[in-house]
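Before any comments, here is the structure.
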Amino acid sequence: MAWLLVAALLASSALASQSVLPPTETRSPVDLERELQAPWQAGGEIAVYAAADGSPRAGRRSPPPADAGEEQARRAEHFALARKLNLVTAYRVVPYALPLSEAQVELLERFARTDAGAVWFREVADDTLRLFNQGYLEYDVGSWQAFLAGGSRPRLSELISGRLSEAGLFAQDAAVFRIYAFHGSGSMGGAASIRMGHAGFRCQFQMSGETVDPFAILSHEFGHSRYGDPWSAGMPLGEARTVARYENPVRLRDGFPPRLVYYLRMDPGRPIGTRDPLYNRLLAWREYKKQDLAELAPVEGLYCECPDTPGALRDCLAEPDPNPCELRWVAVRVPPPMDAP
């Protein structure tokens, strides 16, 4: 065993000279507009190395990529890690977590190779590095020992199995980000997951008729995750900010006009949250009709479903007595792009 430790020390020393650093201990919210202005998006090349006791660690080399081919190789490694650990491709015990279809996996891979996708999957990969360095991920011991004995250095995506180790299974902080499917269309984002409907994306948004950019939608959902602003989902102002920060930059990059209004659908019977101050003003307006509608400045329109016309929507703002009607859509203005006049 002594020779393995000697080899580990040599490997660790050699790697330290190449400026390999572990990821930061904490995440920072992605500033997508700033990231898209950078020459490269995937970050440093991921490399594995040996700790002093011979156990594996992972970090990033500091030099930027030499060219576009090297940058694409880094993006490919990030997606290979996500395919191993984050993408749900088989049935799990988790309720409603359906396996992704082959078409959905292909769409995610194409997204991961774009500039915006590279930013998001880089953040997901950094989480994988953190889990690996804590000993929470299972890995191929034989491949690791072969490296210590003088073999080629394995890629992290080749080394891990995609399963939690025994320590990871019982760790309270081993929260793996998941991307999975559900019955329906569109997608939904949360702090620890993104869900994609098996029916795919609409060609146009339901209320506005604007063309849908699937890559921009995926970026929007990542914006609701722990890599962006996890408190933004399901609230009018939060959704509008997410469109401005994480969706419109991708739409503009892909040749689509920016979304100027976000239509948020209220599911029947869903409890209305109160974290968003705009929601509080909406509730107050519905209860006290004398409130000045100028207080609802960000609101473009409120669309209600009324008992006398089930299934049809009409503008609540134009109705003299909206109380009998159930609020179903909120249209809220999106802040214009920074470079717009």
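Only one of these conditions is not met by D173: (1) buried (at least 18 other Cβ atoms within 10 Å of the Cβ); (2) modelled with pLDDT under 95. Which number is it?
Status for D173: all satisfied but (1).
Name, by its number, the condition in (1) closer than 22 Å to L129 by Cβ; (2) at pLDDT 95 or above; (3) within 20 Å of the chain's Cα centre (by Cα) that does not hold for Q104.
(1)
With the condition kept exactly as written, say whether any residue in segment 20-40 is over 30 Å from R245 (Cβ atoms) and touching a strand residue (DSSP E or B) at 6+ places or on another chain (Cβ under 8 Å).
Yes, because at least one residue in segment 20-40 is over 30 Å from R245 (Cβ atoms) and touching a strand residue (DSSP E or B) at 6+ places or on another chain (Cβ under 8 Å).
Filter segment 192-236 for residues that are charged (D, E, K, R) and closer than 18 Å to E33 by Cβ; which is nearest to the chain's Cα centre (by Cα)? Working first, answer last.
Initial filter on segment 192-236 (charged (D, E, K, R)): 195, 202, 210, 213, 221, 226, 229.
Pick out the ones that are also closer than 18 Å to E33 by Cβ and you get 213, 221, 229.
Details: D213: 16, E221: 5, D229: 10 Å.
Ranking the candidates gives E221 first.
Considering each of A68, A42, A58 in turn, give the residue that is in contact with a Lys or Arg (Cβ under 6 Å, 6 or more places away or on another chain) and on the phi < 0 side of the Ramachandran plot.
Going through A68, A42, A58 in turn, just one is in contact with a Lys or Arg (Cβ under 6 Å, 6 or more places away or on another chain) and on the phi < 0 side of the Ramachandran plot: A42.
So for segment 67-86 (the condition being surrounded by 20 or more Cβ atoms within 10 Å (Cβ to Cβ) and not in a helix (DSSP H, G or I)), does at least one residue qualify?
Checked segment 67-86: at least one residue is surrounded by 20 or more Cβ atoms within 10 Å (Cβ to Cβ) and not in a helix (DSSP H, G or I).
Given the structure, is F215 touching a His at 6+ places or on another chain (Cβ under 6 Å) and within 29 Å of D31 (Cα to Cα)?
no
Looking at the structure I just gave you, is L36 more than 20 Å from G168 (Cα to Cα), surrounded by fewer than 21 Cβ atoms within 10 Å (Cβ to Cβ) and more than 19 Å from the chain's Cα centre (by Cα)?
In short, no.
If I filter segment 89-99 for residues that are hydrophobic (A, V, I, L, M, F, W, C) and assigned to a helix (DSSP H, G or I), do I get at least one hit?
no
In segment 246-260, what residues are under 19 Å from A331 (Cβ atoms), out of contact with any Ser or Thr (no Cβ under 7 Å at 6 or more places or on another chain) and assigned to a helix (DSSP H, G or I)?
Listed by number, the residues that qualify are N248, R251.
If a residue has to be out of contact with any Lys or Arg (no Cβ under 9 Å at 6 or more places or on another chain), hydrophobic (A, V, I, L, M, F, W, C) and either surrounded by fewer than 17 Cβ atoms within 10 Å (Cβ to Cβ) or more than 23 Å from V105 (Cβ to Cβ) (or both) to count, how many in segment 131-168 make the cut?
The qualifying residues number 6.
The values are calculated or read from the model by the stated rules, or taken from the named source; none is laboratory data. Since we're looking at a predicted model, the values are computed, not measured. Quick reminder, even Gly has a Cβ in these numbers, built from the backbone with ideal geometry, and neighbours come from all protein chains shown.
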